[in-house]
Amino acid sequence: MVEMTEKSFQFQTRWKEELVVSGNGGSFVLEMPIGVLSVYLPTEAEWERRAPDWAKKLWPILRRELEEWCQKHDAKFYIDHTAGIYPV
């Protein structure tokens with residue numbers, strides 16, 4: 001029997017360069033550049049500085065779930081202090 005665990009975040013592509021990330025507290029957009037399918041997440045320190053208040057302490061969970069999403073969708077996953085976080 002496969003155990004289904006509920007995810008904290010849902011991911012939805014929008015346009016060609018945006019990944020909308022939604023959780024219990026709201027939504028935000030991460031960069032997903034055109035070319036090679038890839039997603040950029042800020043470093044944990046930058047995340048805590050710039051993320052929406054409700055998501056600031058959720059970086060470890062977001063990182064794990066986003067990495068799983070990228071693997072499932074054959075996307076490259078990068079952690080970069082300059083990665084953007086944008087409001088929806």
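The values are calculated or read from the model by the stated rules, or taken from the named source; none is laboratory data. Keep in mind the model is a prediction, meaning the values are calculated, not measured. Positions of Cβ are backbone-derived with ideal geometry, glycine not excepted, and every protein chain shown enters the neighbour counts. For accessibility, only protein heavy atoms count, side chains too; no ligands or nucleic acids. Shrake-Rupley method; radii C 1.70, N 1.55, O 1.52, S 1.80 Å.
Using a 1.4 angstrom probe with every protein chain in place, what is the largest-first accessible-area order of ILE34, ILE85, ILE79?
The most accessible residue leads, giving ILE34, ILE79, ILE85.
How big is D for region 45-88, in µm² s⁻¹ as a whole number, if Stokes-Einstein is applied with the Kirkwood radius of its Cα pairs at 10 °C and 1.306 mPa s?
Result for D is 140 µm²/s.
Among the trypsin sites (Lys or Arg not before Pro) within the chain, which fall in a DSSP loop and have no more than 11 other Cβ atoms within 10 Å of their own Cβ?
LYS16
Roughly how many Å² is the accessible area per residue of the chain, as a whole number, for a 1.4 Å probe?
Roughly 67 Å² per residue, with all protein chains present.
What number, in percent, do you get for the relative contact order of the chain if the mean sequence gap of Cα pairs under 8 Å and at least 6 apart is divided by its residue count?
32
Let me test this: with uniform point scatterers at the alpha carbons of the chain, what is the Debye-based log₁₀ I(q)/I(0) at q = 0.10, 0.13 1/Å?
Computed log10 I(q)/I(0) values: -0.23, -0.38.
Just the number, please: carbon plus sulfur as a percent of the accessible area of the chain, 1.4 Å probe, no ligands or DNA/RNA counted.
Here it works out to 52 percent.
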